[in-house]
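To start, the structure itself, in structure tokens.
The values are calculated or read from the model by the stated rules, or taken from the named source; none is laboratory data. What you see is a predicted model, and the numbers here were worked out from it, not measured in a lab. So basically every Cβ, Gly included, is an ideal-geometry build from the backbone, and we count neighbours across all protein chains shown.
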Amino acid sequence: MNKAITDGILFTPAPFSAGLSQWSSGDGVAGSDSYANVGNAAFVPADQDFGGCLELTKTSATQKLSYKGQTPILPGCYLRVTARVKAVAGALPKVRIAAFAAGPGGAAIAGVVTAGAEVQIPTYGQVVEVSAIVGTGARGGVTMEWGRSAIYGHFGIDLTGQTGGTVRVDDIEIEDVTGIFVPDMMGTVDVRDFGAAGDGVTDDTAAFQAADAAAGGRTVVVPSGTFFLNSDLTMQNHVRFEGRLSMPTARVLSLAQDFHLVAYIDAFGDEVLAFKKAWQCLNNASDHESLDLCGRRINVSEPIDMAAAVPNRTEYAQRSVIWNGQFYVENGSDWDDTVVTSQAFYSVSSPYKLSNVANVANIPVGSLVTAAGVGREVYVRSKNVATQEIELSQPLYDAAGTQIYTFRRFKYVLDFSGFEKISKLIISDIEFNCSARASCILMAPAGLTFQVCDCVFGDPKDRAISSHGQGCQGMLVDRNQFLSPESNIAAQDRKTIALNTNGNDVKIRDNRITQHRHFAVIGGSSNLFAGNHWFQGDATGQGVRLGGLIITQSNCRNSIVGN
């Protein structure tokens, strides 16, 4: 890229032969003194080394020579300022490139470098060349990094050291050297050129926004470093990550052209964090309806709290899809069940409530409830610590009065229980490889038409899919495999259950289920079971027979066909 060629921008200052009124003995800003008609400066028309040049006598500690013209500073454009100087009489000074950095309104930009390295003129008649590179971004070799607020500069030289010497200065040159830093600028835009620091501390959001706005279909490059983004960010162009992003949990990253897991892994480095940030975007960006995991395996060492990853939402009702990948459960204590025992009172007049619950604050929502007369697959839907009450997913069977209950909280790979309501979510073509260490999915307490299709639930520790409320209303479970880790255990000793429901209108079709304690424990009514194939047997002679499909409600109006 060369703006002098492509846009016709003139960077090089006017020659000294055009008059010295354009050259300042100050910073070059409007109103500063010029070298026209002063005693220590004159134009020399014919120097043997320079041709026309300026002869200048150093009369102050820092003798400035600054062009009054405004040289534009453009994001992504790098300028090299070059001066050639020789001493002709008197003391031998030092020389350096110097500049005035102008921001909005022409005000000086504070805290930026405005001078290059000093070079000592060693002897009379020897031409010394000094140069410095200026630009908006932090690049190797850039002497003066001015950031995104820079608008223009006044450029020239400083003479420092002893006074009294006389030098001659060739016409100062300013050239566009962007190609040194970005050889393929026509295809990419680098966030550093728009002020991104990449130090993990500075908020680089504005630089990313500016780079994306300037890209115009080109790829935005995020180079090596850690780039902190403290605001929501949407990138409309393709992004190539060589460095990594750091964002607060609540901040959303939307990659409009690259919305898939691999792009988020490239952005954040950690695959679980990448999945959380992509899921967060799916819940906040209406232009995405599905998250493609790109066939990647995500190693998980603890439950993924899906609600905590989207702290700005308590419910979600647009159709969305998570598909095409694998979750592999690594060993660790974070998968251990949380078990709490507590005394509570139950009354048939309040069939969905436990009251006077001791230690209620320590009982996790989503826990399985067990005790005499409880029934099968009853869960804690919600709790009220102030009133010491627990809301249940189902009425209890024969548990009136006060007794001790056990609350067992399984740990799930995908835990949606922190949401109030999730509807129209589809989980498709996902393999859960649990290795008997974790359960798979805990649904939200409310919602409609949750759909699980074409998935493999491999060796869940306790449950594959659990509903602790009405999030299973209208649920669709199609063409999945539920593979038990307990195939070598006698049926009566097994504990795993593929799924349970509490709501109505559930469709469970064309699934294959192997040797769990039960395939499904079904509450609610008007459900359909079609084309499923489940295996309940074991190799034990005279073994106990257990039901594959358990229906907990009378007059349920279920259809069971072709299984």
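Just so you know, in segment 516-545 the residues that are within 19 Å of Ile465 (Cβ to Cβ) and touching a helix residue (DSSP H, G or I) at 6+ places or on another chain (Cβ under 8 Å) include one that is modelled with the lowest pLDDT, and it is Gln536. For segment 333-385, the candidate set comprises residues that are touching a residue at least 40 places away in the same chain (Cβ under 8 Å) and on the phi > 0 side of the Ramachandran plot; within that set, the residue that is surrounded by the fewest Cβ atoms within 10 Å (Cβ to Cβ) is Asn356. Hey, does segment 472-487 have a residue that's touching a Leu at 6+ places or on another chain (Cβ under 8 Å), surrounded by fewer than 24 Cβ atoms within 10 Å (Cβ to Cβ) and in a strand (DSSP E or B)? So far as segment 472-487 goes, yes, one or more of its residues are touching a Leu at 6+ places or on another chain (Cβ under 8 Å), surrounded by fewer than 24 Cβ atoms within 10 Å (Cβ to Cβ) and in a strand (DSSP E or B). Could you check, for segment 126-134, whether at least one of its residues is in contact (Cβ under 8 Å) with a residue 60 or more places away in the chain, touching a strand residue (DSSP E or B) at 6+ places or on another chain (Cβ under 8 Å) and more than 17 Å from Leu54 (Cα to Cα)? Yes: segment 126-134 contains one or more residues that are in contact (Cβ under 8 Å) with a residue 60 or more places away in the chain, touching a strand residue (DSSP E or B) at 6+ places or on another chain (Cβ under 8 Å) and more than 17 Å from Leu54 (Cα to Cα). So, Arg80, is that one of a type in the set (D, E, K, R) and within 30 Å of Ala215 (Cβ to Cβ) or not? Yes, satisfied.
Does Asp203 meet the test of being surrounded by fewer than 19 Cβ atoms within 10 Å (Cβ to Cβ) and touching a helix residue (DSSP H, G or I) at 6+ places or on another chain (Cβ under 9 Å)? The answer is no for Asp203.
Taking the criterion of being among the small types (Gly, Ala, Ser) and in contact with a helix residue (DSSP H, G or I) (Cβ under 7 Å, 6 or more places away or on another chain), would at least one residue in segment 465-477 satisfy it?
No, that holds for no residue.
Counting the residues of segment 301-321 that are in contact with a helix residue (DSSP H, G or I) (Cβ under 6 Å, 6 or more places away or on another chain) and either under 17 Å from Cys440 (Cα atoms) or assigned by TED's automatic domain parsing to the domain that holds Thr249 (or both) gives 1.
Total residues in segment 30-72 satisfying the condition of being among the hydrophobic types (A, V, I, L, M, F, W, C) and in a loop (DSSP other than H, G, I, E, B): the figure is 5.
For segment 148-204, how many residues meet the condition of being among the acidic types (Asp, Glu), part of a loop (DSSP other than H, G, I, E, B) and under 30 Å from the mean Cα position of the chain (by Cα)?
2
I need the full set of residues from segment 148-173 which are farther than 18 Å from Arg84 by Cα and in contact with a helix residue (DSSP H, G or I) (Cβ under 9 Å, 6 or more places away or on another chain), in order please. Hits for segment 148-173 are Arg148, Ser149, Ile151, Tyr152.
Taking the stated definitions as given, is Val134 at pLDDT 95 or above and under 27 Å from Val189 (Cβ atoms)? So Val134 fits the description; yes. Please verify whether Ala196 is aliphatic (A, V, I, L, M) and assigned by TED's automatic domain parsing to the domain that holds Phe227, treating the condition exactly as stated. Taking the combined requirement at face value, the residue satisfies it. Of all the residues in segment 216-237, those that are under 13 Å from Gly187 (Cα atoms) and crowded, with 21+ Cβ neighbours inside 10 Å number 2. Can we say Ile427 is in contact (Cβ under 8 Å) with a residue 12 or more places away in the chain, within 19 Å of Glu289 (Cα to Cα) and within 31 Å of the chain's Cα centre (by Cα)? Yes: the conditions hold for Ile427.
Can you tell me which residue in segment 388-409 is nearest to Ser320 (Cα to Cα), limited to those that are touching a Pro at 6+ places or on another chain (Cβ under 9 Å) and assigned to a loop (DSSP other than H, G, I, E, B)? The qualifying residue nearest to Ser320 (Cα to Cα) is Ser393.
Inside segment 122-138, can you point out the residues that are assigned to a loop (DSSP other than H, G, I, E, B), out of contact with any Pro (no Cβ under 9 Å at 6 or more places or on another chain) and of a type outside the set (Ser, Thr, Tyr)?
If the condition is that a residue be assigned to a loop (DSSP other than H, G, I, E, B), out of contact with any Pro (no Cβ under 9 Å at 6 or more places or on another chain) and of a type outside the set (Ser, Thr, Tyr), then Pro122, Gly125, Gln126, Val127, Ala138 are the ones that fit.
Out of Arg244, Arg240, Arg297, one residue alone is basic (Lys, Arg), surrounded by fewer than 16 Cβ atoms within 10 Å (Cβ to Cβ) and within 27 Å of Arg192 (Cα to Cα). It is Arg240. Of the residues making up segment 149-181, those that are among the charged types (D, E, K, R) and either farther than 22 Å from Gly103 by Cβ or outside the structural domain of Ala42 (by TED's automatic domain parsing) (or both) are Arg168, Asp170, Asp171, Glu173, Glu175. Only one of the numbered conditions (1) closer than 23 Å to Asp454 by Cβ; (2) touching a residue at least 40 places away in the same chain (Cβ under 8 Å) is not met by Arg313, and that is (1). For segment 233-246, filtering for residues that are in contact (Cβ under 8 Å) with a residue 24 or more places away in the chain and in a loop (DSSP other than H, G, I, E, B) leaves 3. Taking strands (runs of 3 or more DSSP E) as the structural unit, those lying wholly within segment 256-360 and holding at least 1 residues that are among the basic types (Lys, Arg) and farther than 23 Å from Ile430 by Cα correspond to 353-355.
Selection over segment 73-118 of residues that are of a type outside the set (A, V, I, L, M, F, W, C) and in a loop (DSSP other than H, G, I, E, B) gives a count of 10.
Of the residues making up segment 264-274, one or more are of a type in the set (Gly, Ala, Ser), over 25 Å from Ser435 (Cα atoms), outside the structural domain of Thr226 (by TED's automatic domain parsing) and surrounded by fewer than 16 Cβ atoms within 10 Å (Cβ to Cβ). I'd like to know if segment 32-42 contains one or more residues that are more than 21 Å from Gly153 (Cα to Cα), in contact with a strand residue (DSSP E or B) (Cβ under 6 Å, 6 or more places away or on another chain) and either of a type in the set (Phe, Trp, Tyr) or surrounded by fewer than 20 Cβ atoms within 10 Å (Cβ to Cβ) (or both). Within segment 32-42, one or more residues are more than 21 Å from Gly153 (Cα to Cα), in contact with a strand residue (DSSP E or B) (Cβ under 6 Å, 6 or more places away or on another chain) and either of a type in the set (Phe, Trp, Tyr) or surrounded by fewer than 20 Cβ atoms within 10 Å (Cβ to Cβ) (or both). For Ala530, the requirement of being of a type outside the set (S, T, N, Q), assigned by TED's automatic domain parsing to the domain that holds Asp478 and surrounded by fewer than 16 Cβ atoms within 10 Å (Cβ to Cβ) is met.
The set of residues in segment 67-117 being β-branched (Val, Ile, Thr) and either closer than 16 Å to Val128 by Cβ or over 42 Å from the mean Cα position of the chain (by Cα) (or both) consists of Val81, Thr82, Val85, Val88, Val95, Ile97.
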